[in-house]
Every structure is written in structure tokens, then in C-alpha cells.
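Colleague: The structure's right below; bear with me while I get my questions together.
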Amino acid sequence: MRKTFKYRLFPTATQQELLRVQLSEACRLYNAALQERRDAYQTHQKSLNYYDQANQLKEIRASGDLSLANYHCCQDVLKRIDKAFKAFFRRCQSGQKPGFPRFKSHRRYDSITFPSHGDGNKLLNRHLRVQGVGDIKVKLHRPVDGNIKTVSVKREGHHWYACFSCEVSAQPLAENAKQVGIDVGLESFATLSTGELVENPRCFETMQKRLRRAQRKLSRRKKYSKRWRKAAQYVVQIHRDIANQRRDFQHKLSREIVNANGFIAVEDLNINGLASGMLAKSVADVGWSSFLNMLSYKAESAGRQLVRVDPRGTSQRCPCGKPAPKKLSDRKHVCECGLQTTRDHASSLEILRLGRSLQAQTKPEVRVCVA
């Protein structure tokens with residue numbers, strides 16, 4: 001399986017300027033490739049592909065029109081624009097809102113990728129050697145596992161990161177017979193079938209006051225002025241803090257659940273649909289999608305079984321199988337069988353029951369969700 005290991009870079013002022021130049025050149029190549037495709041179709045009704053444009057790279061670099069240091073980085077830029085057009089045509093065919101590929105500002109083009117480790121980059125003694133930049137200090141807070149396939153240098157605000165995409169082998173944990181059903185929610189982040197309640201950290205809500213003040217400060221600045229850009233970076237920093245807090249919470253919780261259980265049942269939720277309703281802000285803040293993805297790839301790596309069940313009716317049935325209709329305001333579950341518990345706990349027990357039935361049906365070949 002593929003995993004990405006992300007590390008903080010600490011470039012000097014000179015190295016930061018060189019990295020910005022590299023990103024700017026990559027952005028210029030991206031925009032030029034997009035313009036060429038648009039012109040080719042408008043004037044000659046011809047659609048260009050990746051190979052039509054990649055064959056021109058040697059001539060462009062030889063003429064001195066492109067100062068991007070690494071040749072394979074140039075190829076990756078062209079692959080990005082090719083991927084963008086393929087996604088555009090796929091959305092057109094499926095009837096979705098297509099969204100034609102757009103030109104990028106050099107301030108919004110934030111990463112370059114080296115397709116292979118050692119080609120234009122190399123990790124040496126806590127430093128990453130980047131072609132055209134030099135040796136950049138890396139904070140290796142954990143070892144890089146597996147075989148490094150690609151290395152990306154990424155800019156996030158004023159911070160720089162190195163992302164190593166590696167091929168790693170599965171690391172199965174000891175067999176565990178414990179089973180758990182998980183019902184995610186807004187009032188509490190998750191309710192487990194064991195009766196455990198996981199509190200919702202509400203990362204965005206707790207930082208909303210600070211963010212509101214920063215955005216008001218930004219709105220008072222003259223747009224694109226130096227003070228405006230400084231205020232904008234402060235807003236970016238707050239959003240980064242919120243994302244980091246949410247990610248840290250979800251990583252720790254998903255690891256704890258995977259280590260403690262051999263079988264995990266969750267709901268196969270339509271999160272995009274839920275995020276378009278009246279509770280959109282709360283749904284976006286809680287981050288169910290990223291949590292379920294983390295749970296999925298950790299379970300796959302650890303040799304655990306994760307099953308997604310149909311969420312319809314999980315709160316309207318008792319785990320014994322009898323119907324137990326409830327309004328949204330009803331937070332207690334009472335059934336003829338004698339079970340009396342909270343609504344969310346009953347739902348988690350029902351999710352576990354459905355997961356077990358699905359496990360029995362698919363026992364010869366277990367389908368594990370890939371992150």
C-alpha cells in the first residue's frame with residue numbers, strides 16, 4: 001500500500017526565494033500548457049494529450065524559456081494539467097458540474113513533485129537535497145518507512161513541507177476477537193457499541209471567535225496591499241491550526257479503535273448530501289469523511305476488517321430486529337424486548353448487528369475499504 005509521510009522543512013531565506021522561483025516557473029509552465037490546449041482546440045479543433053506536450057520539453061528547456069531545474073518536475077506539471085482535463089471530461093460525461101481547468105496564480109501554485117527519490121532530490125543526514133535549491137533542513141520526527149516513490153515539496157502559508165510517498169508493506173497486529181459498531185454524530189463525535197461516548201472537539205467552533213476577528217481585520221485592509229497580505233496569512237494560520245487539531249484528534253482516535261478491535265462496523269454515509277443541508281457548518285467541522293478514511297486505511301494496514309453498512313433505518317430499529325420509530329427529538333430508545341438506552345447507543349448496536357450479517361455473507365472474500 002502507499003503511504004505519505006509529511007515532514008516540516010526549515011529553508012533559509014535564500015532557499016525560500018529559490019523555492020518560490022521554482023514554484024513560479026512550474027506555475028508558468030502549467031498556464032502555458034493550458035493555454036496551448038485551449039488555442040489548439042479553438043483554432044484547429046484538435047485535442048492535445050500529455051505526450052504531445054511532453055515531446056516539446058527538451059526544445060523548450062534547450063532554448064532557455066524554462067528555468068525549472070528538474071526535467072521530471074516539468075513532466076509532472078504536464079501530467080497535472082492532463083489529469084485536470086481528464087477529470088473535466090469525466091464530469092461532463094457523468095452529468096456533474098464540469099468546471100473547466102483554470103489558470104493558476106503563482107501565489108496559489110504550492111507544490112512541485114519529483115517522481116522518483118534520488119532524481120533531483122535526496123534525503124541525507126536530516127537534510128533534503130533539492131536540485132536548484134540545495135540542502136534543506138528537515139525535521140524527521142519519525143523514520144521514513146518503505147520504498148520512497150515520489151517526493152513533493154509543498155508550501156502552506158509561510159511553512160514548507162516535504163511529502164514522501166512510499167510503498168509500504170502491511171503491518172498486521174495480533175488477532176483480536178473484539179467487535180465494535182460506531183455511530184458518528186454531531187452532539188458527540190461518536191458513540192461506540194460498547195457504550196463509550198467520544199466527545200466532539202468542535203475545533204472550528206472553539207476557534208471561531210479568533211477567526212472572526214482576523215477576518216474582520218483582513219476586510220479593513222486595502223486589497224493586495226502588504227498589510228492585506230499579512231492579515232491574509234494570519235487567517236491562513238488560524239485555518240491551519242484548526243485543521244491540525246482536527247487531524248490530530250482523528251488520528252489518535254482511529255488508531256485507538258483499530259488497535260482495540262478486530263472487527264469494525266460503520267455507516268456508509270452520504271456526507272456530501274449531509275454537508276449541503278442546514279447543518280452544513282457542523283458537519284464540515286466534525287470531519288466524518290476524513291475520520292472514516294483514516295479508520296479504513298489503518299484497519300487495512302493492521303489486518304482488521306472494516307465493514308460499511310447501509311445507514312437507512314439504523315436509528316428506527318432495535319438491535320433485536322423490531323421496529324422502534326423515533327422522532328429526531330427523541331433521544332431515548334425503549335423497546336418491547338426490554339432494551340432501554342440512548343438513541344445513539346442503540347444505533348451503534350444496530351450498526352454492529354448489520355455489520356455482522358454482512359460479515360457472514362461475505363466471509364470467503366472480505367472487502368476492505370482503501371483510503
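Colleague: Considering only protein heavy atoms, what per residue accessible area in square angstrom results for segment 1-141 with a 1.4 angstrom probe?
Modeller: On the way: 8570 Å² over 141 residues.
Per residue, segment 1-141 has an accessible area of 61 Å².
Colleague: How high is the FRET efficiency from His127 to Arg312, r the C-beta distance, R0 45 Å, rounded to 0.05?
Modeller: On the way: r = 54 Å, r/R0 = 1.19.
So, using R0 = 45 Å, E works out to roughly 0.25.
Colleague: Please find the FRET efficiency linking Lys154 to Ser357, where r is the Cβ-Cβ separation and R0 is fixed at 30 Å, and quote it to the nearest 0.05.
Modeller: Values: r = 44 Å, r/R0 = 1.46.
About 0.10, to the nearest 0.05.
Colleague: Shape verdict for segment 157-223, please, from the Cα gyration tensor: rounded (a/c under 1.5), prolate (a/b greater than b/c) or oblate. Please list the in-between numbers first.
Modeller: Details: a/c = 5.65, a/b = 1.52, b/c = 3.72.
Oblate.
Colleague: To continue, here is another question. So, with a 1.4 angstrom probe, what is the percent of accessible area on the chain that is carbon and sulfur? Write down the numbers at each step before the final one.
Modeller: Working: 10830 of 21660 Å².
For the chain, the apolar C and S fraction of the accessible surface comes to 50 percent.
Colleague: Moving to a separate point now. Have a look at Ile238, Ile136, Ile60 and tell me which one the Gaussian network model of the chain (Cα, springs below 10 Å) gives the largest fluctuation.
Modeller: Ile60
Colleague: Relative to the present Cα-Cα distance, how much length would full extension add between Arg61 and Ser111 at 0.36 nm per residue of separation?
Modeller: Details: separation 50, 0.36 × 50 = 18.00 nm, distance 2.02 nm.
Going from the current span to full extension adds 16.0 nm.
Colleague: In addition: Out of Gln233, Gln45, Gln316, any idea which swings most in a Gaussian network model of the chain, alpha carbons joined below 10 Å?
Modeller: In the Gaussian network model the winner is Gln45.
Colleague: Do the alpha carbons of any pairs in Lys86/Lys281; Lys154/Lys223; Lys3/Lys149; Lys83/Lys104; Lys86/Lys298; Lys137/Lys230 sit beyond 21 Å of each other, and which pairs? Walk me through the numbers on the way to the answer.
Modeller: Numbers: Lys86/Lys281 31 Å; Lys154/Lys223 26 Å; Lys3/Lys149 10 Å; Lys83/Lys104 15 Å; Lys86/Lys298 30 Å; Lys137/Lys230 25 Å.
Cα-Cα > 21 Å for Lys86/Lys281; Lys154/Lys223; Lys86/Lys298; Lys137/Lys230; rest within.
Colleague: Let me ask you something else. For the chain, what does -39500 (n - 2.57) per DSSP helix run (n ≥ 4), summed and divided by total residues, give at 222 nm, in deg cm²/dmol to the nearest 500? Display every interim value, and only then the final one.
Modeller: Details: 10 runs with 164 residues, N = 371.
Rounded to the nearest 500, the figure is -14500 deg cm²/dmol.
Colleague: So, one more: Under the 0.36 nm per residue contour assumption, what length would be gained going from the current alpha-carbon distance of Cys337 and Arg38 to full extension?
Modeller: Working: separation 299, 0.36 × 299 = 107.64 nm, distance 6.67 nm.
Result for the pair: 101.0 nm of gain on full extension.
Colleague: Restrict the search to segment 219-302; then list the chymotrypsin sites (Phe, Trp or Tyr not before Pro) that DSSP places in a loop and that have at most 11 other Cβ atoms within 10 Å of their Cβ. Provide the component values of the computation, followed by the final result.
Modeller: Numbers: sites: Tyr224, Trp228, Tyr234, Phe249, Phe263, Trp288, Phe291, Tyr297; in loops: Tyr224.
Passing sites in segment 219-302 are Tyr224.
Colleague: On full extension of the chain, what length is gained from Lys217 through Arg247, given 0.36 nm per residue of separation minus the C-alpha to C-alpha distance? Don't skip to the end; give the middle numbers.
Modeller: Values: separation 30, 0.36 × 30 = 10.80 nm, distance 2.72 nm.
Computed gain between Lys217 and Arg247 is 8.1 nm.
Colleague: For an R0 of 22 angstrom, estimate the FRET efficiency from the Cβ-Cβ distance between Gln237 and Ser276 and round to the nearest 0.05.
Modeller: Values: r = 28 Å, r/R0 = 1.29.
Once rounded, the FRET efficiency stands at 0.20.
The values are calculated or read from the model by the stated rules, or taken from the named source; none is laboratory data. Keep in mind that what you see is a predicted model, and the values were worked out from it rather than measured. When we count neighbours, we look across all protein chains shown, and the Cβ atoms used for this are built from the backbone with ideal geometry, even at glycine. Ligands, DNA and RNA are excluded from the accessible area calculation, which covers all protein heavy atoms including side chains. Shrake-Rupley method; radii C 1.70, N 1.55, O 1.52, S 1.80 Å.
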